[in-house]
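Report on the following structure.
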C-alpha cells in the first residue's frame with residue numbers, strides 16, 4: 001500500500017498529495033548523518049529549508065516593485081507557509097519529545113545513526129515516520145523493538161493521531177489499546193470488523209461456531225440427498241427426482257471450516273522440588289567499563305514465584321538475568337542458588353544452547369523428554385518447524401529460528417527454575433498462547449523478561465522494576481505494577497481519612513516532611529529552569545520577528561540586512577539547540593530526583 005510494490009492485479013489508489021508514513025518490519029538504512037538530520041530529511045524539511053534559503057537569495061537581487069519581485073515573494077510565501085504547515089519552526093523540540101518518548105536520552109539526537117544498534121535504529125525509523133506528520137500511517141509490527149515504557153508512550157501518541165492508521169501486530173495488549181477496527185486476512189480474503197480487538201475475538205468465535213453448525217447441517221442435508229439418490233437411482237418412477245437432487249448436489253456451495261488447526265498442548269516435565277529459597281543476590285554490583293549498571297542490589301526469589309523483570313532498554317534486565325543464571329559473574333557481592341535448584345536459562349543470544357553441527361531434528365532429539373517421535377514432531381510444528389525444515393542444519397537457521405529451537409529444547413528440560421530473557425520475541429500469537437499455558441502449569445519457579453504485556457499480565461504474580469541501578473518490588477501482576485507506578489509519579493500524596501487512628505500524627509508528620517523534602521529538591525531545579533525558560537521564550541520571540549522581517553519586501557530589498565538577519569537567526573538556532581538540551585536535562589534530573597519510589 002505504501003507504493004514499494006505493485007499488485008499483480010487491480011489498482012491501489014491514493015489521494016493526490018496524501019502523505020504516507022510507512023514503518024517496515026525489517027531494518028532500514030539510515031545513512032551516516034545525525035539522528036536529527038535524518039528526521040529532518042525524512043520529514044521533508046531539509047529540502048524545504050534549502051529552498052527557503054535559495055528563495056531568500058533570489059529576493060535580495062530583485063528590484064523593488066518589479067514583477068519578478070512580486071512573483072518571487074509569492075513563491076517565498078508559499079514555501080514559508082508549507083514549512084510552517086509541516087511544523088518546521090517547532091520541529092526540533094517536537095522531535096526531541098518523540099525521541100524521549102521512544103527511550104532516547106538527551107543528546108542522542110546529535111549522535112550519528114550508525115552508532116546505534118539495530119533495535120535503536122528501528123526506533124529512529126519509527127520516530128521519522130511519526131515526525132513526517134502523515135495522513136496515512138502504515139506500521140508493520142511497530143512494538144517489536146520497544147520496551148514496555150516506550151510502548152505505552154507510543155499508544156498514547158497513536159490515540160491522538162488524527163489520520164488513518166493501519167498496522168500489523170502480534171502484541172495483543174497493543175491491539176486492545178489501539179485498534180478500533182479489525183481487518184482479518186484469512187485464505188486470501190479480508191473480513192472487516194467495525195469493533196475493537198476484544199469484541200472482534202468474541203464475534204469471530206461466534207461466527208466460527210455458526211459456521212460449524214452450518215457445516216454440520218449441510219453434511220446432514222448432503223447425506224439425506226445421497227441416500228435418496230442411492231435408494232432410487234434405478235427406479236424409473238423416481239428418475240426425475242433423482243436427477244433433480246444430483247443437480248442440487250452439483251450446485252451446492254460446500255461450506256469449509258475456518259477453525260484453527262488442533263491446538264498443540266505442551267507440558268513441562270514434572271519439576272523436582274527445590275528448597276524454599278531458590279536464589280539470593282546480596283550486595284551485587286556490575287559495571288562495564290565506566291558504565292555502572294547495578295550497585296548494591298539485593299534480591300530473594302522463593303520457590304514457586306512467577307516474577308516479571310521490567311525496565312527501560314539499557315536498564316540492565318539482561319545483565320541481571322545473566323548474573324542470576326551464572327553465565328556472568330558480578331563485580332562484587334554474591335549470587336547463590338538454593339538447595340536442589342535446577343536452573344534452565346533462555347537468553348536472547350540463545351545460539352550458545354545449540355550445536356551448529358546438528359540438524360533441527362537432531363537437536364530436538366537431544367532434548368531429554370519421554371515424548372514419542374510423533375509428539376516431538378507435533379511440538380516442533382507448533383514452533384514453526386515442519387516438513388523438510390527439521391532436516392535443516394542449525395548453522396543455516398535465521399536468528400529467530402535458532403531462538404525458537406532453543407526455546408523448544410528448554411521446554412523439555414528437567415528444571416525447577418526457569419530464567420527466560422524475551423522468550424516470546426519470535427513466536428506468533430498462537431504459539432505464544434501455547435507457551436503461556438505451559439508456563440501457567442509449570443511447577444517450578446519463573447523469572448521472566450518480556451515486552452509482551454498481555455503475556456506478563458496473565459503470568460506474573462510479582463514484578464521487579466530496574467531503575468537507575470536499583471530494583472523495586474511490586475507484589476502483583478503487570479497491571480498492578482502500572483497502576484502503582486502511575487501513583488508513585490504523583491509527587492503530592494493525600495492524607496488518608498481517620499486522623500484519630502493510632503499513628504495518624506506520625507503518619508501526617510512523615511508525609512509533611514516528605515512533601516517539604518520534595519519541595520526543597522524540586523526548587524533547586526525550578527530556580528534554574530525558570531530563567532532558562534524565559535531565555536528560550538525571548539530567543540523564540542526574536543526568531544519569530546526575524547522570520548516576519550524576512551517576509552517584508554522592504555527588508556528583502558536590502559541584501560545586506562537580509563544576510564545579517566539570516567546570520568542572527570542561525571546564531572539563535574544554535575543557542576536554542578543548547579538551551580533545549582539543557583532544559584531537557586534539568587527536567588529529567590528533576591523528575592528522577594523528586595519522584596518517590
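The values are calculated or read from the model by the stated rules, or taken from the named source; none is laboratory data. Every value quoted in this text rests on a predicted model; they were computed, and no experiment measured them. Note that each Cβ is placed from the backbone with ideal geometry, even for glycine, and that neighbours are counted across all protein chains shown.
The residues of segment 293-315 that are farther than 16 Å from residue 450 by Cβ and under 26 Å from the mean Cα position of the chain (by Cα), listed by number, are 293, 294, 314. Residues considered: 437, 432. Of these, the only one that is more than 30 Å from residue 285 (Cα to Cα), assigned to a helix (DSSP H, G or I) and touching a helix residue (DSSP H, G or I) at 6+ places or on another chain (Cβ under 9 Å) is 432. Of the residues making up segment 524-535, just one is farther than 15 Å from residue 585 by Cα and either touching a helix residue (DSSP H, G or I) at 6+ places or on another chain (Cβ under 9 Å) or not assigned by TED's automatic domain parsing to the domain that holds residue 579 (or both), namely 535.
From the list 482, 466, which residue is in contact with a strand residue (DSSP E or B) (Cβ under 8 Å, 6 or more places away or on another chain) and either part of a helix (DSSP H, G or I) or farther than 15 Å from residue 379 by Cβ (or both)?
Values: 482 fails: in contact with a strand residue (DSSP E or B) (Cβ under 8 Å, 6 or more places away or on another chain).
Going through 482, 466 in turn, the sole match is 466.
Can you name the residue in segment 31-52 that is free of Cβ contacts under 8 Å to residues at least 24 places away in the same chain and within 18 Å of residue 112 (Cβ to Cβ) and, of all such residues, is surrounded by the most Cβ atoms within 10 Å (Cβ to Cβ)? If we take residues in segment 31-52 being free of Cβ contacts under 8 Å to residues at least 24 places away in the same chain and within 18 Å of residue 112 (Cβ to Cβ), then 37 is surrounded by the most Cβ atoms within 10 Å (Cβ to Cβ). In segment 287-303, the condition of being over 30 Å from residue 213 (Cα atoms), at pLDDT below 90 and assigned to a loop (DSSP other than H, G, I, E, B) is met by at least one residue.
Answer yes or no as to whether residue 323 is surrounded by 19 or more Cβ atoms within 10 Å (Cβ to Cβ), touching a residue at least 24 places away in the same chain (Cβ under 8 Å) and not in a strand (DSSP E or B). Full working, then the answer.
Values: surrounded by 19 or more Cβ atoms within 10 Å (Cβ to Cβ): yes; touching a residue at least 24 places away in the same chain (Cβ under 8 Å): yes; not in a strand (DSSP E or B): yes.
It is true that residue 323 is surrounded by 19 or more Cβ atoms within 10 Å (Cβ to Cβ), touching a residue at least 24 places away in the same chain (Cβ under 8 Å) and not in a strand (DSSP E or B).
When 247, 267, 204 are screened for being exposed (fewer than 11 other Cβ atoms within 10 Å of the Cβ) and modelled with pLDDT under 90, only 247 passes. Can you name the residue in segment 329-344 that is touching a helix residue (DSSP H, G or I) at 6+ places or on another chain (Cβ under 8 Å) and closer than 18 Å to residue 290 by Cα and is also surrounded by the most Cβ atoms within 10 Å (Cβ to Cβ) among such residues? Of everything passing the filter in segment 329-344, 330 is surrounded by the most Cβ atoms within 10 Å (Cβ to Cβ).
When 406, 374 are checked against the criterion of being modelled with pLDDT under 85, surrounded by fewer than 18 Cβ atoms within 10 Å (Cβ to Cβ), at negative phi and part of a helix (DSSP H, G or I), a single residue qualifies: 374.
Condition test on residue 340, is it modelled with pLDDT of 90 or more, within 23 Å of residue 413 (Cβ to Cβ) and part of a strand (DSSP E or B)? No: the conditions fail for residue 340.
Selection of segment 88-112 for residues being modelled with pLDDT under 90 and in contact with a strand residue (DSSP E or B) (Cβ under 7 Å, 6 or more places away or on another chain) yields an empty set.
Of everything in segment 152-171, what is within 21 Å of residue 433 (Cα to Cα) and outside any strand (DSSP E or B)? Give them in sequence order. Residues satisfying the conditions are 169, 170, 171. You will find that of 119, 114, the residue that is in contact (Cβ under 8 Å) with a residue 12 or more places away in the chain, loosely packed, with under 13 Cβ neighbours inside 10 Å and not in a loop (DSSP other than H, G, I, E, B) is 114 and no other. Taken over segment 43-63, the criterion of being assigned to a loop (DSSP other than H, G, I, E, B) and modelled with pLDDT of 70 or more is satisfied by 43, 44.
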